[in-house]
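Undergrad: One structure, as structure tokens, below. Some questions next.
Any read-out appearing in this document is the output of simple, stated calculations on the displayed coordinates, not a laboratory observation. Keep in mind the model is a prediction, meaning the values are calculated, not measured. Positions of Cβ are generated from backbone atoms using ideal geometry, with glycine treated the same way; all protein chains shown enter the neighbour counts.
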Amino acid sequence: MQQGSFTAKIEPVISRNIKYVHQNRVRETTITRLRFGKCRLNEYLAKLNVMDSTKCTQCKAAAEIVEHFLLNCPNSDLCRKVATACISMGVKTDIEKILSDGRVLDVIYKNINREL
């Protein structure tokens, strides 16, 4: 994967505009880290030599990247809640859409049960 390619999927047009702002600084930081793909998930931590394994802490089968963490882990309550929210809101369940839709970001933030 090319450097910055994950962020380019989420925000294909580069500008100096702030992409996500929230009055709660912790929330703003958490969502922004997810959008950059630079958060405390095992794939990123392994690149920093903080973790030995890139595998998901819940399913132990796939690399723990943002997309897996939010959408694809079969053992994750967060993935189920995000999928349910997307269906009820009519939002396509792909990483680009969920990290750009404020309503889905609300669901994500409310249901993350670990520090990112």
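Undergrad: Find how much the distance from R80 to D52 grows on full extension, using 0.36 nm per residue of separation minus their present alpha carbon separation; answer in nm with one decimal.
TA: Numbers: separation 28, 0.36 × 28 = 10.08 nm, distance 2.75 nm.
Going from the current span to full extension adds 7.3 nm.
Undergrad: Counting Lys and Arg as +1 and Asp and Glu as -1, what is the net charge of the other residues whose Cβ lies under 14 Å from the Cβ of Y44?
TA: On the way: positive: R33, R35, K38, R40, K47, K55, R114; negative: E43, D52, E64, E67, E115.
Net of charged neighbours comes to +2.
Undergrad: What residues qualify as long-range amide H neighbours of K55, i.e. H under 5 Å apart, gap of 5 or more or another chain, H built at 1.01 Å from N?
TA: Amide H neighbours of K55, under 5 Å, 5+ apart: E64.
Undergrad: Of all alpha-carbon pairs in the range 55-111, indicate the percentage at a distance above 13 angstrom.
TA: 54 percent
Undergrad: Below 12 angstrom from the Cβ of A62, what's the summed charge of the other residues (Lys, Arg +1; Asp, Glu -1)?
TA: It works out to a net charge of -1.
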